[in-house]
1. Given Cα pairs under 8 Å that are at least 6 residues apart, what percent is the relative contact order of chain C?
2. Can you list the residues, at least 5 places off or on another chain, whose amide H is less than 5 Å from the amide H of B:ILE258, using H built in the peptide plane?
3. Interface B/C, total buried accessible area with a 1.4 Å probe, nearest 100 Å²?
4. For a Förster distance of 45 Å, can you work out the FRET efficiency between the beta-carbons of B:VAL152 and C:ILE139, rounded to the nearest 0.05?
5. Taking only DSSP H segments of four or more residues, each worth -39500 (n - 2.57), what value at 222 nm results for chain C once the sum is divided by all its residues, to the nearest 500 deg cm²/dmol?
6. Among A:GLY110, A:VAL159, A:ALA124, which residue has its Cα furthest toward the positive end of the charge dipole of the stretch A:92-166, with +1 on Lys/Arg Cβ and -1 on Asp/Glu Cβ?
7. Starting from the residue with the highest accessible area, list B:TYR30, C:TYR121 in decreasing order, probe 1.4 Å.
8. Where Lys and Arg each count +1 and Asp and Glu each count -1, what net charge lies around B:LEU225 among other residues with Cβ under 12 Å from its Cβ?
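The values are calculated or read from the model by the stated rules, or taken from the named source; none is laboratory data. Source: prediction; values computed, not measured. In this analysis, Cβ positions are derived from the backbone assuming ideal geometry, glycine residues included, and neighbour counts consider all displayed protein chains. The accessibility values were calculated without ligands, DNA or RNA, using every heavy atom of the protein model including side chains. Shrake-Rupley method; radii C 1.70, N 1.55, O 1.52, S 1.80 Å.
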Amino acid sequence: MAESILAVQALRKSFGALAATDGVDLDLREGETHAIIGPNGAGKTTLIGQLAGNLRPDSGSIRFAGEDITHLSAPQRARRGFARSFQITSIYRDFTALDNVALAVQAHAGHSFRFWRAAREERALRDPARVVLEEVGLGARADVLAANLAHGEQRQLEVAMALATRPRLLLLDEPVAGMGLEESERMVQFLSGLKGRQTIILVEHDMDAVFTLADRISVLVYGRIIASGAPEEVRANAEVRRAYLGEEA
Amino acid sequence: MRARTLILAACVLLLLAVPPLATVFNQPYYIDLLRRVLIFGIAAVSLNLILGYGGLVSFGHAAYLGVGAYSVGILAFYGIHNGWLQWAVAIVASALVALLIGAISVRTRGIYFIMITLAFTQMLYYLGVSVEEFGGDDGMRLKVKSQFSGLVDLGDPVTYYYVVLALLLACMYLVHRLVNSRFGRVIRAAKSNEARTRAIGFSPYPYQLVAFVIAGAMCGLAGALLANHTAYITPAFMDWTRSGEIMFMVILGGMGSIPGPALGAFALLIVEDQLAGWTQHWQVIFGPLLVLSVLFFKRGLAGLLPGGGKDG
Amino acid sequence: MTTILVFEQLLNGLQFGVMLFLMAAGLTLVFGIMNLVNLAHGSLYMVGAYLTVSAVQWTGNYLAGVALGLLGTLAVGMLVEVIALRTLYERDHLDQVLATFGLILFFNELIAIIWGRTALYMSLPAWLQGHIEIIPGSIYPLYRAVVIGVGLVVGALLWFVVTRTRLGMLIRAGASNRTMVAALGINIRLLYTVVFGFGAALAGLAGLMAGPIYAVQPGMGELILIQVFVVIVIGGIGSIRGALVGSLVVGVVDTLGRAFLKPLLGHFISPPAAEAAGPALASMLIYLLMALVLSLRPEGLFPAKSG
């Protein structure tokens with residue numbers, strides 16, 4: 001069995017009387033794409049917040065690549081190899097696409113207390129950024145202001161920013177949400193190209209995308225993982241069908 | 001972009017021509033007025049670094065004006081008139097005060113930040129008022145202007161004017177370099193989208209704090225200039241309305257633009273001067289003018305220039 | 001002897017604290033509900049004082065003057081809300097600060113045009129003058145005692161309105177969920193105007209009560225406004241309970257500091273040094289307190305949404 005890169009144990013987080021995360025265990029193997037699905041209100045956002053370091057769990061632990069990161073902040077986790085996309089597109093709207101990605105490169109190129117040289121002229125930032133933009137298919141749009149990109153392109157840009165940090169773990173929060181059919185297919189195709197090279201946690205409502213991409217699926221309902229396993233197992237699980245898939249069928 | 005460069009170059013030429021023109025037309029008052037504009041231009045340029053590029057709405061920028069001015073005044077009070085030393089102390093003291101205020105306030109966000117920066121400046125204001133040795137409420141005279149080893153004589157209004165102009169341009173160039181550097185990118189990124197900035201691995205706090213300190217130091221220099229300009233130092237330099245005015249200069253001129261704050265300082269102080277010449281109750285007109293400018297003129301003066309309102 | 005002195009200063013601190021509370025309550029309500037930073041809140045304090053001075057002179061009756069002054073401030077507040085502030089709710093805090101800063105300049109100058117720049121002194125009717133003996137051996141000015149009493153009663157009323165009435169329910173609901181209140185068929189605009197007027201009247205009450213104690217002059221509002229900011233930052237923005245605790249703490253600390261810091265310092269450092277440092281330190285005390293609270297609790301003592 002491959003070494004697990006992310007190990008979540010007995011994670012709990014409550015808001016008042018509501019247990020949004022109610023004893024979640026999660027185990028991620030290097031290189032797998034692990035989807036987390038669940039109906040609205042299942043606690044996916046809260047779980048992601050704790051994984052990314054924006055929310056403090058009440059108890060439990062998160063280990064990443066052998067290190068306990070439970071109490072690290074979001075930037076600290078990012079510097080150790082966490083990268084994420086947000087459910088609602090989160091980019092620098094007033095920067096060009098290239099500058100967006102170059103910032104992500106910069107974040108992982110040592111400290112930024114450099115006060116004089118124009119960052120835009122630094123090839124060490126620009127060149128890797130351009131490579132990643134090409135990779136996600138935005139090469140031709142490098143100099144467009146991010147705000148002026150189409151919605152699908154903005155989602156791509158966000159993934160590009162995450163990849164530019166050369167992450168060990170990619171956390172994708174509904175990457176195809178709000179996309180048209182064609183855009184969504186292109187994104188799924190792109191993500192499947194990452195499979196094996198990149199460890200991915202995929203939170204997604206689009207079941208087509210989930211069953212295309214995921215190596216394993218965990219089903220989150222009321223803050224608990226009620227099932228976890230290969231896609232066929234999860235699809236066949238009666239409890240899951242009742243709690244979740246059944247609603248959609 | 002070329003038209004913009006031409007217009008800005010013309011502005012600089014006009015500013016260079018002010019002293020000879022004022023002398024020819026026998027209107028020395030305008031040298032004085034424009035010098036004041038340029039000094040506040042430096043203060044506004046410094047605030048723009050954190051407000052326009054960093055998104056930190058500091059309502060206490062006048063504090064550093066006061067610290068800079070009192071540094072000069074207190075050294076002069078003890079008989080130290082060396083300008084190199086005085087101005088260095090002004091810059092370093094302002095940087096230290098900014099470090100203390102910033103260390104507490106930059107951690108906070110939004111309305112807390114506004115109120116805290118305002119409150120700390122008010123604290124310094126009261127400190128100035130209550131220290132009787134340095135004139136308390138009445139302030140103190142600067143009997144001897146800063147001495148620069150006989151190289152420049154600030155006593156000569158024209159020389160002093162050019163010194164201030166050169167420093168303003170230097171500050172604008174410095175801010176231009178800063179906001180385009182890796183450092184500047186981080187503070188601009190944090191302004192644009194803090195969650196994203198943290199998610200890619202930046203902790204904005206140390207960068208924002210350093211920007212806050214640089215802005216404070218630069219405004220401290222403006223304070224040292226102001227002390228020599230008025231030859232009088234009072235706690236009124238740190239009055240909270242002064243902070244508001246500097247903020248207005250940045251907004252009026254255009255946030256996140258290199259020439260904007262200087263244009264804003266020009267517009268605000270000239271309008272003030274004209275209204276004040278017209279009626280002693282000028283603020284009753286000035287206040288609503290400010291309200292209207294906030295409501296309807298968000299782009300700022302720099303936005304009227306060809307090439308738009310943003311630089312960097 | 002010393003105990004009595006401390007007791008008197010504590011009462012003075014309480015009296016200052018209640019005035020701060022009247023200001024802070026309005027400011028924090030308006031911020032919590034409309035998300036508006038209103039620097040001109042201090043102007044309403046000033047307007048309250050000036051209107052009352054004139055109304056008392058005009059009617060020749062103190063209570064009638066007070067009533068007119070309060071109503072006048074309420075009206076001015078609602079007018080300002082409708083004309084200028086309403087458009088600012090959707091703007092960011094920077095715009096709100098700048099626009100209300102402009103309003104302050106306008107109000108200060110308008111007051112100077114109407115009443116002049118020299119300070120006015122508000123005289124008290126005979127029945128509010130004199131002293132009372134609160135504890136044996138200590139006499140205390142009756143008027144200041146009345147201010148404390150009025151402040152506490154208004155504070156209790158405020159608490160009752162916000163937590164126990166339909167209006168208060170709407171106010172609290174409006175703070176957390178505008179669309180929900182709108183869906184109830186409530187006229188949000190009207191609700192906002194009423195709340196704003198209400199806050200203005202509280203500021204006016206503080207101002208008119210301050211009149212006989214401090215000077216009535218243009219710009220009087222800003223001095224207290226910045227202290228009220230300190231109160232709100234300490235208490236937690238948007239929280240009435242925080243405003244109450246913050247006000248009392250700031251009121252007492254400031255008053256005791258001004259009264260006792262100098263003699264206290266005299267025990268530790270030379271009298272001339274204490275003479276110089278005492279007042280300086282006393283005037284900085286509440287700001288240092290704010291810094292201390294913030295370094296321990298960046299969101300203040302009672303972070304909003306807790307009450």
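1. It comes to 34 percent, rounded to a whole number.
2. B:ASP311
3. In total, chains B and C hide about 3800 Å² from solvent.
4. Using R0 = 45 Å, I get an efficiency of 0.10.
5. Computed mean residue ellipticity for chain C: -25500 deg cm²/dmol.
6. In the stretch A:92-166, that residue is A:GLY110.
7. Numbers: B:TYR30 95, C:TYR121 170 Å².
Reading off the accessible areas and sorting them downward yields C:TYR121, B:TYR30.
8. +3
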